[in-house]
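Everything below concerns the one structure shown next.
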Amino acid sequence: MTNVSKFTIVGGGSSYTPELIDGLIQQQDEIQIDNLVLYDIDAERQQWVCGMIERQFRYAGLPTRVMATTGLQQAVEDAEFIVSQIRVGKMPARVLDEKIPLKYNLLGQETTGPGGTFKAWRTIPASLEIAEAVARYAPAAWYLNFTNPSGIVTEALFKHSSVKVIGLCDNPINAQFTIALALGVRQEQVYLEWMGMNHVNWIRRVLIDGVNVTHRVMDLIEAKENARLNYRFPTDIELIRALDVLPNFYLQYYYHHPRITALRQLEPQTRGEIVMELEKVLFAAYRDPKQMVKPAKLGQRGGAMYSKAAIPLIVSIAQDRRDVQSVVTRNNGAISDFPDDAAVEVPCVIGKHGAFPLHMGSLPQTIRGLAEHVKAWESLTVQAGVTGSRLDALAAMNANPLVPSLDTARQVMDELMAAHSSYLPQFFPG
Ligand code: G6P
Ligand code: MN
């Protein structure tokens, strides 16, 4: 059993917070928190969430003390674990990332393409500011970054701060869970050779009890009998077989870019607009003194299972378990095609040391080109996000595989720059 004296959630006012608390309650035999601190710049929303999670803990009979603050120093000081889940500019900024690229026949998506680039640029300065406070007031803390785009933000933190950071996403655990269900085995039996970057990764092999069942999973995808499996692996099956690896959910946006963009252009609402409506219902539930548990509606958010990724990670660090989990870490040679200081998402040994990546070797040739292309975009996006240089920004936008020309890069960038200017201090100082 792990006892954590202080655990801080940065972006405490997020509608996701009750999911993390629900995970803590479910795994109370593994982990107990003495002091849970919420930090947010939106005090009102955070109060609603704070009330909700106090009821969750009380209803579960747990003694965890809960506090909400808008003071960064107070929030992070002496924390053992800090989870970051911020969204600079909130949902309205996401909706702009989704809508503006569509005008240029580019996908509008919060972690991919031009929208993902701008989400990174809004988020990097805020994340580095938080990291500076962590470095000063809680230098021993583990900083677990859920904030999207998780791979890019984590790389910015590796390169430009001294905090102990691990990047996190629910995709690996969700994929493991989905494949286990489809194959009728326990989740612990499934081992995925997960390689690439956050949201841009491929499963090279699926192993069950050491046996390679990758082609069986492909057969199941082709059979279309398991809706959950087909949702998670939506890429065209012939393409999957040609690549001979399983592309992550988000790779549909690369492999089927024109088709998906055309579909999005026809949809009446973007995902961000749908989430805004959902959040109205969620926050109403959080304000309701009779609501004692995580509302079922939270299951409609993409990250509905994120505590299943976060809590095992925290437990394994705290207990020095040295088990294997796929997280975002500094490459250090794990993928031999990438620089050492690039962020990658690969299976890692997790313990008190943090996350040691397993050596994955070189990427299969069928995916290496795209992977290197996306990696270049990510690293250039980090660079521009820190320097605030227009030329660095243009280089990054042009390096995105979805952006077809430098002309288009400049047009979409200029429109997004103007739309988001108030959240981009590095590009618009003063
Ligand atoms: C998945 C991704 C997250 C992302 C979420 C979006 O969980 O891994 O990185 O934030 O989906 O969900 P939403 O409900 O905001 O569309
Ligand atoms: Mn994710």
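Determine the shape class of the stretch 270-381: with a ≥ b ≥ c the square roots of the Cα gyration tensor eigenvalues, call it rounded for a/c under 1.5, and otherwise prolate if a/b is greater than b/c, oblate otherwise. Intermediate results must be reported in sequence, preceding the final value.
Details: a/c = 3.45, a/b = 1.63, b/c = 2.12.
Because a/c hits 1.5 or more and a/b fails to exceed b/c, the stretch 270-381 counts as oblate.
Shape of the chain from its Cα gyration tensor (a ≥ b ≥ c, root eigenvalues): rounded if a/c is under 1.5, otherwise prolate when a/b > b/c, or oblate? It is rounded, given that a/c, with a ≥ b ≥ c, falls under 1.5. The Cβ shell under 12 Å around GLN176 holds other residues with a net charge of 0, Lys and Arg each +1, Asp and Glu each -1. Projecting the Cα atoms of GLN269, PRO172, TYR191 onto the dipole axis of the chain, where Lys and Arg carry +1 and Asp and Glu carry -1 at the beta carbon, places GLN269 farthest toward the positive end. Listed by chain and number, the aspartates and glutamates placed with their C-alpha closer than 15 angstrom to that of LYS280 are GLU44, ASP288; residues fewer than eight positions away on the same chain are left out. Taking the Cα centre of the chain as the origin and placing charges on Cβ (Lys, Arg +1; Asp, Glu -1), which of VAL206, SER362, MET218 is farthest toward the positive end of the dipole? The listed residue farthest towards the positive side: MET218.
For the chain, the share of DSSP beta bridges that are antiparallel, to the nearest 5, is 50%.
Arrange the following residues from fewest to most other Cβ atoms within 10 Å of their Cβ: ILE203, ILE260, ILE21.
Details: ILE203 22, ILE260 16, ILE21 27.
Ranking ILE203, ILE260, ILE21 by Cβ neighbours within 10 Å, fewest first, gives ILE260, ILE203, ILE21.
Using only the Cα atoms, what convex hull volume per residue in Å³ does the stretch 29-96 have? It would help to have the intermediate numbers written out before the result.
Numbers: hull volume 7.7 nm³, N = 68.
For the stretch 29-96, the hull spanned by Cα atoms encloses 113 Å³ per residue.
Each principal axis of the stretch 1-141 carries a Cα extent, and these read 53, 34, 28 Å when sorted largest first. A straight line joining the Cα centroids of the stretch 357-430 and the stretch 171-232 runs 30 Å. Taking a straight Cα-Cα cut-off under 24 Å and skipping sequence neighbours fewer than 8 places away in the same chain, the lysines within cross-link reach of LYS352 are LYS6, LYS159, LYS164, LYS308.
For the stretch 323-406, rounded, prolate or oblate, judged on the Cα gyration tensor with a ≥ b ≥ c (square roots of eigenvalues), a/c < 1.5 rounded, else prolate if a/b > b/c?
On the way: a/c = 3.16, a/b = 1.66, b/c = 1.90.
Oblate, since a/c reaches 1.5 and b/c is not below a/b.
Relative contact order of the chain, taken over Cα pairs closer than 8 Å and 6 or more residues apart, is 18 percent.
For the stretch 156-251, what ratio Rg/Rh do Cα atoms give with a Kirkwood hydrodynamic radius? Could the numbers behind the result be given before it?
Working: Rg = 14.6 Å, Rh = 14.1 Å.
So for the stretch 156-251, dividing Rg by the Kirkwood Rh gives 1.03.
Our summary of shape: the Cα atoms of the stretch 104-185 have principal axis extents of 48, 41, 14 Å, ordered from largest down, in whole angstrom. The trypsin sites (Lys or Arg not before Pro) of the stretch 145-233 meeting both criteria, a DSSP state outside H, G, I, E and B (loop) and at most 15 other C-beta atoms within 10 angstrom of the site's C-beta, are ARG186, LYS224.
Shape descriptor for the stretch 182-300: Rg over Rh equals 1.07 (Cα atoms; Rh from the Kirkwood inverse mean 1/r).
Can you give the relative contact order of the stretch 1-95 as a percent, counting alpha carbon pairs under 8 Å and 6+ residues apart?
Numbers: 162 pairs, mean separation 37.4, N = 95.
For the stretch 1-95, the relative contact order is 39 percent.
Subtracting the Cα-Cα distance of ASP323 and ASN35 from their residue separation scaled by 0.36 nm leaves 101.0 nm. Computed on the stretch 1-159, with alpha-carbon pairs under 8 angstrom and 6+ residues apart, the relative contact order is 23 percent.
Only helical DSSP H runs with n ≥ 4 go in: add -39500 (n - 2.57) per run for the chain, normalise by residue count and round the 222 nm mean residue ellipticity to 500 deg cm²/dmol. Numbers along the way, then the final one.
Numbers: 17 runs with 204 residues, N = 430.
When only DSSP H runs of four or more count, the value is -14500 deg cm²/dmol.
A short reminder: the numbers here are calculations on the coordinates, not readings from a lab. Bear in mind the structure is a predicted one, so any value in this text is a computation, not a measurement. Please note: Cβ atoms are built from the backbone with ideal geometry, for glycine as well, and neighbour counts cover all protein chains shown.
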